[in-house]
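The block underneath contains the structure these notes are about, expressed in structure tokens.
The values are calculated or read from the model by the stated rules, or taken from the named source; none is laboratory data. Because the structure is predicted, anything quoted here is derived from the model rather than measured. Heads up, the Cβs are rebuilt from the backbone with ideal geometry, glycines too, and the neighbour counts pull from every protein chain shown.
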């Protein structure tokens, strides 16, 4: 095992927070217009720079932070829950299923019914996926079973999404859905952010409250239960937490992959492999990585903007291969 | 004096196959009780039922006079600790962090571990003689070291009763003796221990009482010399044994198959 220095929370969390702030400020400066900070801050409504900062860039980057927290946190929680470093909201099909829920909501025109309809669709989809994974792979899932279960769910869901696209009323609606599926946080308004934020917040709190249970779970299900945790109830709590925040996030941002796999994996040695500590650091780490990816997206192709989900997949795919390569002896 | 743990008429069936039938058992304070029996006799299931990890179809388990379902899980967890078979560790955690998990039943969700918890962890590390391993990673330890670390985790909870499922399986003789001593000392110091054992000699040497389980039933229970007799061993295990009685010492060597 590589000897990475384990950092205490009081060092690691401020470090990640600082990185988050730096990335946040840099991200706000991206875009076709060079921001005049003085004008933007002094005349938030009257000046063009104020409008760009407060109504375009700020909602976008705040959404990046919220989605990043969601993906990092839920990845860490799922890995802890399944005691499996290869779990992640996208690999086990949760992200895709949430996307399907949102697509169906859009497709049947339900999105306009209430402000929370789209996040709700996403959350229902995410919940279905987590329950399916548990039913298919069982509580003591091996790596292989888990990935196969995720693959199967992803395959079914992809075909259903394709079906929805196939019968979409017009090419415009179709391209809308396709672009949305690629995963992006561009051109999201603060209304989009506000519709999803309450559910994400609820999901985050639910997941963070599972920390000690996940710690206990590292000694196995029976031991966790003997340490005073109602195993069945706690598992439900974690599942609902994942469904709440991933469902709501995907409903706004589309399918942004691999953050939930990569972030907990990179941070795990730094927190001494403790699942509870990993929750907090992965939340911040997810936000940092997503902001960084968003900066990269805007830098690489300022005109015809690259989708965020495309770039995370481009980085995450090879990373996943690398993980499988390193763990290949443990997989069989 | 009341029993610390008492089970009455416990029956469990899994997929309509009876695993435990009408099992009764009691453990008093200060006792080290060995639970023995051939493979598939229902020892692990019984231990789980006694720990409140599995529901009995019929019958009742009482801890300190109160039925298990009447006790809050965390309350029970402070007084009863369970050491799982094989005792897995899923992440390469540091030894002292693993031991610290034993304090979880004592912490409310808003509380951080305090001085009392630190002290309990230190005591547990010293008790199980794993203090020198504290900065090691649990997955890199040898089997004997790992079992002692997991025992330290149990000690850190400061329980009265320890239920241990095959605590000495796959350990070398030195570590077998060590773990048995640690369990016996715990029983004689403050609490009680019920351990699933396969080694009849260790059971004979260390346990105050034995419960012999056979096909889900209690075949015999009582002192070592009443339970470990040839007639019993032949009937339950299907082996002939050489039994040596030498004053206070009593040893059993399974010699040949009897059927």
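Flag not set for residue A:171, criterion: under 18 Å from the mean Cα position of the chain (by Cα), exposed (fewer than 15 other Cβ atoms within 10 Å of the Cβ) and more than 14 Å from chain B (Cβ to nearest Cβ).
Of all residues in the range A:48-90, those satisfying the criterion of being surrounded by fewer than 24 Cβ atoms within 10 Å (Cβ to Cβ) and part of a loop (DSSP other than H, G, I, E, B) are A:83, A:84, A:85, A:86. Of all residues in the range B:245-259, those that are surrounded by 11 or more Cβ atoms within 10 Å (Cβ to Cβ), more than 26 Å from the chain's Cα centre (by Cα) and in a strand (DSSP E or B) total 1. On the stretch given as the range A:1-21, residues that are under 24 Å from residue A:294 (Cβ atoms) and surrounded by 13 or more Cβ atoms within 10 Å (Cβ to Cβ) total 7. Among residues of the range B:59-78 being farther than 22 Å from residue B:20 by Cα and within 14 Å of chain A (Cβ to nearest Cβ), the one that is surrounded by the fewest Cβ atoms within 10 Å (Cβ to Cβ) is B:72. Total residues in the range B:79-97 satisfying the condition of being modelled with pLDDT of 90 or more and crowded, with 17+ Cβ neighbours inside 10 Å: the figure is 12. Taken over the range A:270-308, the criterion of being surrounded by 19 or more Cβ atoms within 10 Å (Cβ to Cβ), in contact (Cβ under 8 Å) with a residue 60 or more places away in the chain and assigned to a loop (DSSP other than H, G, I, E, B) is satisfied by A:272, A:307.
Residues checked against (1) closer than 30 Å to residue A:311 by Cβ; (2) facing chain B (nearest Cβ under 10 Å); (3) touching a residue at least 24 places away in the same chain (Cβ under 8 Å); (4) crowded, with 22+ Cβ neighbours inside 10 Å:
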{"position": "A:204", "(1), (2), (3), (4)": "yes, no, yes, no"}
{"position": "A:208", "(1), (2), (3), (4)": "yes, no, yes, no"}
{"position": "A:218", "(1), (2), (3), (4)": "no, yes, yes, yes"}
{"position": "A:227", "(1), (2), (3), (4)": "no, yes, no, yes"}
{"position": "A:230", "(1), (2), (3), (4)": "no, yes, no, no"}
{"position": "A:235", "(1), (2), (3), (4)": "no, no, yes, no"}
{"position": "A:242", "(1), (2), (3), (4)": "yes, no, yes, yes"}
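Considering every residue within the range A:93-112, establish whether at least one is under 24 Å from residue A:274 (Cβ atoms), buried (at least 18 other Cβ atoms within 10 Å of the Cβ), free of Cβ contacts under 8 Å to residues at least 60 places away in the same chain and touching a helix residue (DSSP H, G or I) at 6+ places or on another chain (Cβ under 7 Å).
Within the range A:93-112 (the criterion being under 24 Å from residue A:274 (Cβ atoms), buried (at least 18 other Cβ atoms within 10 Å of the Cβ), free of Cβ contacts under 8 Å to residues at least 60 places away in the same chain and touching a helix residue (DSSP H, G or I) at 6+ places or on another chain (Cβ under 7 Å)), the answer is no, since none of the residues qualifies.
Checked against the criterion of being over 16 Å from residue B:191 (Cβ atoms), surrounded by fewer than 18 Cβ atoms within 10 Å (Cβ to Cβ), under 18 Å from the mean Cα position of the chain (by Cα) and within 11 Å of another protein chain (Cβ to nearest Cβ), the range B:109-117 contains not a single residue that satisfies it.
Would you check if residue B:196 is surrounded by 18 or more Cβ atoms within 10 Å (Cβ to Cβ) and farther than 19 Å from residue B:169 by Cβ? Taking the combined requirement at face value, the residue does not satisfy it.
Which of the residues that make up the range A:224-248 are more than 17 Å from residue A:130 (Cβ to Cβ) and out of contact with any strand residue (DSSP E or B) (no Cβ under 7 Å at 6 or more places or on another chain)? Reasoning before the result, please.
Here is the first cut: in the range A:224-248, the ones more than 17 Å from residue A:130 (Cβ to Cβ) are A:224-230.
Across the range A:224-248, the qualifying residues are A:224, A:225, A:227, A:228, A:229, A:230.
For first residues located in the range B:156-184 and without any contact (Cβ under 8 Å) to a residue 12 or more places away in the chain, partners that are part of a helix (DSSP H, G or I) and lie 6+ apart or on another chain with Cβ distances below 6 Å do not occur. Annotation: residue B:53 fulfils all but one of (1) within 8 Å of chain A (Cβ to nearest Cβ); (2) assigned to a helix (DSSP H, G or I); (3) within 25 Å of residue B:219 (Cα to Cα); the unmet one is (2).
When the range B:227-248 is examined, which residues are found to be over 21 Å from residue B:42 (Cβ atoms) and without any contact (Cβ under 8 Å) to a residue 24 or more places away in the chain? Break it down into steps so the answer makes sense when it comes.
Within the range B:227-248, the first condition is being over 21 Å from residue B:42 (Cβ atoms), and the residues that meet it are B:229-231, B:240-248.
B:229, B:230, B:231, B:240, B:242, B:243, B:244, B:245, B:246, B:247, B:248 - these are the residues of the range B:227-248 that are over 21 Å from residue B:42 (Cβ atoms) and without any contact (Cβ under 8 Å) to a residue 24 or more places away in the chain.
Being within 14 Å of another protein chain (Cβ to nearest Cβ) and either under 27 Å from residue A:111 (Cα atoms) or at pLDDT below 95 (or both) is the requirement here; does residue A:176 meet it? Walk me through how you get there before you give the answer.
Numbers: within 14 Å of another protein chain (Cβ to nearest Cβ): no; either under 27 Å from residue A:111 (Cα atoms) or at pLDDT below 95 (or both): yes.
So residue A:176 does not fit the description; no.
Listed conditions (1) in contact with a helix residue (DSSP H, G or I) (Cβ under 6 Å, 6 or more places away or on another chain); (2) within 14 Å of chain B (Cβ to nearest Cβ); (3) not in a helix (DSSP H, G or I) are all met by residue A:256, apart from (2). Scanning the range B:82-105 for residues that are touching a strand residue (DSSP E or B) at 6+ places or on another chain (Cβ under 7 Å), more than 14 Å from residue A:218 (Cα to Cα) and at the interface with chain A (Cβ under 7 Å from one of its Cβ atoms) turns up just one, B:82.
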